[in-house]
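Beneath this line is the structure, given in structure tokens, with notes to follow.
The values are calculated or read from the model by the stated rules, or taken from the named source; none is laboratory data. Just so we're clear, the structure is a prediction, and the values are computed from it rather than from any experiment. Positions of Cβ are generated from backbone atoms using ideal geometry, with glycine treated the same way; all protein chains shown enter the neighbour counts. Just so you know, the surface numbers come from the protein's heavy atoms only, side chains and all, with ligands and any DNA or RNA stripped out. Shrake-Rupley method; radii C 1.70, N 1.55, O 1.52, S 1.80 Å.
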Amino acid sequence: MNVVLLAGGVGGAKMAEGLAAAVGRDLSIVVNTGDDLELHGLAVWPDHDTVAYTLAGLDDEVRGWGLRDETWTVIDRLEGLGGQEWFRLGDRDLATHLWRTDRLRAGGRPTEVALELGAAMGIESRILLMSDRPVRTQVLTDDGWLEFQEYFVHRHQEPTVQRVRFRGAEAAETTTEVLAAIAHAGVIVVAPSNPIVSIDPILAVGGIRPALEEARARAVPIVAVSGIVGGKALKGPADRMLTALGEESSALGVARHLLPLISHFVLDRVDGGLEPEIHGLGVDTLVEDTIMTDDAARARLAEAVLQFATTSADARR
């Protein structure tokens, strides 16, 4: 079974790990690049790297980002010199950014560079960038438009978000690799990532939404897993963003946000009381334990998602 996952960072990485355990090389992850930035002259891809480090078994599960057993000699020295240090890059993490930046400056296409990096790290599944063209997520606050990492890391997600935009998305097209993955998918999964700043940037890239709509017309299940449990985001500011933008911070709010794209929706047992209303939106529903606390929980949820999707699809046929 070919599976495509639309993913942001931590939630996407956990879902990717579970799905990779189930289908291995038959998994393609379309990762958000709206969070990317250039720092110290280097190309830094936060969501991509979180997914890659997780699939390679190198992630720091305590911090939730970066590499395990990291050291900080370079960034500490930079701070001592008075340099910018609010976005902390570890020494081993810097090697990734140096390698990637060298490959890009030598003319490597971003998607090909991503695939090369995955192969070098021994990752069986394919991590695909949503586009080879730069797209940058920006949020409007009382201080004006902020680049996403300025808001998310430097200002600790404290300013209230009034609007979100994806600079460059209108000129960006997705890649042949992404289109082929969607065209050959038997199941498409939307990860429990922030629907506004992790999933929406992917959908804003030219070619992706039409490809997903074509898949849906072919009766390919598109299954979203809620990243909001009990009204709260498992990680990050998704709950506050949904509320600030006039939407509902709940599993129901996530389902509404992703309509009419999705055909299936998975919500946590905590939110089981919302199932009838979500089902009433016209999607198949599954109530499941969605908290991915360890590898076993990730694999179990992935198996449940795939079984839910394929069983429902068979019943519809």
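The rows are residues; the columns are (1) farther than 21 Å from VAL23 by Cβ; (2) acidic (Asp, Glu).
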{"position": "ALA171", "(1), (2)": "yes, no"}
{"position": "ILE182", "(1), (2)": "no, no"}
{"position": "PRO192", "(1), (2)": "no, no"}
{"position": "SER198", "(1), (2)": "yes, no"}
{"position": "GLU214", "(1), (2)": "yes, yes"}
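Could you figure out which of (1) in contact (Cβ under 8 Å) with a residue 60 or more places away in the chain; (2) open to solvent by 10 Å² or more (accessible area, probe 1.4 Å); (3) in contact with a Ser or Thr (Cβ under 9 Å, 6 or more places away or on another chain) isn't true of ALA21?
That leaves (3) as the condition not met.
Which residue is nearest to THR141 (Cα to Cα), if the candidates are limited to the range 219-241 and must be in a helix (DSSP H, G or I) and within 17 Å of the chain's Cα centre (by Cα)?
MET241
If you go through the range 196-213 one residue at a time, do you hit one that is under 25 Å from ARG256 (Cβ atoms) and among the polar types (S, T, N, Q)?
yes
Output the number of the condition that THR311 fails; it satisfies all remaining conditions of (1) in contact (Cβ under 8 Å) with a residue 12 or more places away in the chain; (2) open to solvent by 70 Å² or more (accessible area, probe 1.4 Å); (3) closer than 23 Å to VAL220 by Cα.
(1)
Looking only at residues that are touching a Lys or Arg at 6+ places or on another chain (Cβ under 9 Å) and closer than 23 Å to SER250 by Cβ in the range 143-187, which one is least open to solvent (accessible area, probe 1.4 Å)?
For the range 143-187, the residue satisfying everything is VAL161.
Search the range 59-70 for residues that are in a strand (DSSP E or B) and pair each with any residue that is open to solvent by 100 Å² or more (accessible area, probe 1.4 Å) when their beta-carbon atoms are under 7 Å apart and the residues are at least 6 apart or on different chains.
LEU67/ARG92
Those residues that are in contact with a helix residue (DSSP H, G or I) (Cβ under 6 Å, 6 or more places away or on another chain), open to solvent by less than 70 Å² (accessible area, probe 1.4 Å), of a type outside the set (A, V, I, L, M) and not in a helix (DSSP H, G or I), I need them from the range 110-140; list them, please.
Correct list: SER125, ASP132, THR137.
Mind listing whichever residues of the range 122-146 are acidic (Asp, Glu) and in contact with a strand residue (DSSP E or B) (Cβ under 6 Å, 6 or more places away or on another chain)?
Within the range 122-146, none qualify.
Taking the condition modelled with pLDDT of 95 or more, surrounded by fewer than 24 Cβ atoms within 10 Å (Cβ to Cβ) and under 15 Å from the mean Cα position of the chain (by Cα), does ALA204 pass?
When the stated conditions are applied, ALA204 passes them.
If you take the residues of the range 141-169 that are assigned to a strand (DSSP E or B) and closer than 23 Å to GLN84 by Cα, which of them is farthest from the chain's Cα centre (by Cα)?
By that ranking, first place goes to GLY144.
Identify the residue in the range 76-109 that is touching a residue at least 60 places away in the same chain (Cβ under 8 Å) and part of a helix (DSSP H, G or I) and, among all such residues, is least open to solvent (accessible area, probe 1.4 Å).
Across the range 76-109, the extreme among qualifying residues is THR101.
Quick one: would you say ALA299 is touching a Gly at 6+ places or on another chain (Cβ under 8 Å) and surrounded by fewer than 18 Cβ atoms within 10 Å (Cβ to Cβ)?
Taking the combined requirement at face value, the residue satisfies it.
Among the residues of the range 29-39, count how many are open to solvent by 10 Å² or more (accessible area, probe 1.4 Å) and part of a strand (DSSP E or B).
Selection size over the range 29-39: 3.
From the list VAL266, VAL283, VAL254, VAL225, pick out the single residue that is surrounded by fewer than 23 Cβ atoms within 10 Å (Cβ to Cβ) and among the hydrophobic types (A, V, I, L, M, F, W, C).
Answer to the check: VAL283.
Could you tell me how many of the residues in the range 261-313 are of a type in the set (Gly, Ala, Ser), outside any loop (DSSP other than H, G, I, E, B) and under 21 Å from LEU19 (Cβ atoms)?
8
Run down GLU277, GLU213, GLU247 and say which single residue is under 23 Å from ASP35 (Cβ atoms) and open to solvent by 10 Å² or more (accessible area, probe 1.4 Å).
GLU247
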